[in-house]
Amino acid sequence: MEKLKSILDELNNRYFGGRVRVKEIRLMKKKSNRIYGRFNREGRVIEINPIFLTNENALRFVIYHELCHAKQRFRKRRHKWHTKKFWALMRLYEGYKEEYNRYLLFLKDYWLSIGHLTQAEIDEWLNETN
Ligand SMILES: [Zn+2]
């Protein structure tokens, strides 16, 4: 999808001098309430949950997240994705805190709209993540 590719290239150029290698970026075949994006190390493919197509800021944020995974160097076959180093990369994103909160609000609205979570469950979840 052209839109995904252009955001990816823009973020890669801006934050990593265009040096992070990603072969392909595409939408996940199905919407998911659990997986927002993923990076496949072997194929170097990023997949993005289609729910984000309706919100440009959240979309960019998720693409940046996966790009940071693509930037990671893994020594072992079994590895941890969300390391301290990883979060340090995430925080380089311009306006990180605000963007992260906007992203959480987008998810909250989305989950409410599909009845995936109740308001009380969402409040509890937001307290945990903040
Ligand atoms: Zn991740």
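Return the residues of region 77-129 that are of a type outside the set (Phe, Trp, Tyr), part of a loop (DSSP other than H, G, I, E, B) and touching a residue at least 24 places away in the same chain (Cβ under 8 Å); say none if nothing qualifies.
Answer for region 77-129, where residues must be of a type outside the set (Phe, Trp, Tyr), part of a loop (DSSP other than H, G, I, E, B) and touching a residue at least 24 places away in the same chain (Cβ under 8 Å): LEU92, HIS116.
What are the residue pairs meeting all of these: first residue in region 9-29, first residue acidic (Asp, Glu), second residue modelled with pLDDT of 95 or more and not in a loop (DSSP other than H, G, I, E, B), Cβ atoms under 8 Å, and 6 or more apart or on different chains?
GLU24/VAL45; GLU24/ILE46
Tally the residues that are out of contact with any Leu (no Cβ under 8 Å at 6 or more places or on another chain), part of a strand (DSSP E or B) and not charged (D, E, K, R), restricting the search to region 25-41.
3
Check whether at least one residue in region 39-46 is crowded, with 16+ Cβ neighbours inside 10 Å and either aliphatic (A, V, I, L, M) or away from the ligand (no atom under 12 Å from the Cβ) (or both), and report yes or no.
Yes: region 39-46 contains one or more residues that are crowded, with 16+ Cβ neighbours inside 10 Å and either aliphatic (A, V, I, L, M) or away from the ligand (no atom under 12 Å from the Cβ) (or both).
Which residues, counting only those in region 77-87, are within 14 Å of the ligand (Cβ to nearest atom) and more than 17 Å from ILE46 (Cα to Cα)?
The answer is HIS79, LYS80, THR83, LYS84, LYS85, TRP87.
Return the total of residues in region 57-76 being among the small types (Gly, Ala, Ser) and within 11 Å of the ligand (Cβ to nearest atom).
Going through region 57-76 one residue at a time, the tally reaches 1.
Could you grab the pairs with beta carbons closer than 6 Å, sequence gap of 6+ or different chains, first residue in region 36-61 and closer than 17 Å to SER6 by Cβ, second one aromatic (Phe, Trp, Tyr) and not in a strand (DSSP E or B)?
From residues that are closer than 17 Å to SER6 by Cβ, the pairs are ASN55/PHE106; ALA58/PHE52; ALA58/TYR103; ALA58/PHE106; LEU59/PHE52; PHE61/TYR103.
Does region 108-119 include one or more residues that are surrounded by 12 or more Cβ atoms within 10 Å (Cβ to Cβ) and within 15 Å of the ligand (Cβ to nearest atom)?
no
Which count do you get for residues in region 52-70 that are within 19 Å of LEU104 (Cβ to Cβ) and either surrounded by fewer than 21 Cβ atoms within 10 Å (Cβ to Cβ) or touching a Gly at 6+ places or on another chain (Cβ under 9 Å) (or both)?
11
From ASN49, ASN12, grab the single residue that is buried (at least 16 other Cβ atoms within 10 Å of the Cβ), under 11 Å from the mean Cα position of the chain (by Cα), polar (S, T, N, Q) and modelled with pLDDT of 90 or more.
Among ASN49, ASN12, only ASN49 is buried (at least 16 other Cβ atoms within 10 Å of the Cβ), under 11 Å from the mean Cα position of the chain (by Cα), polar (S, T, N, Q) and modelled with pLDDT of 90 or more.
The values are calculated or read from the model by the stated rules, or taken from the named source; none is laboratory data. All of these numbers come straight from a predicted model, not from anything done at the bench. Counting neighbours? That spans all protein chains shown, and the Cβs are built from the backbone with ideal geometry, glycine included.
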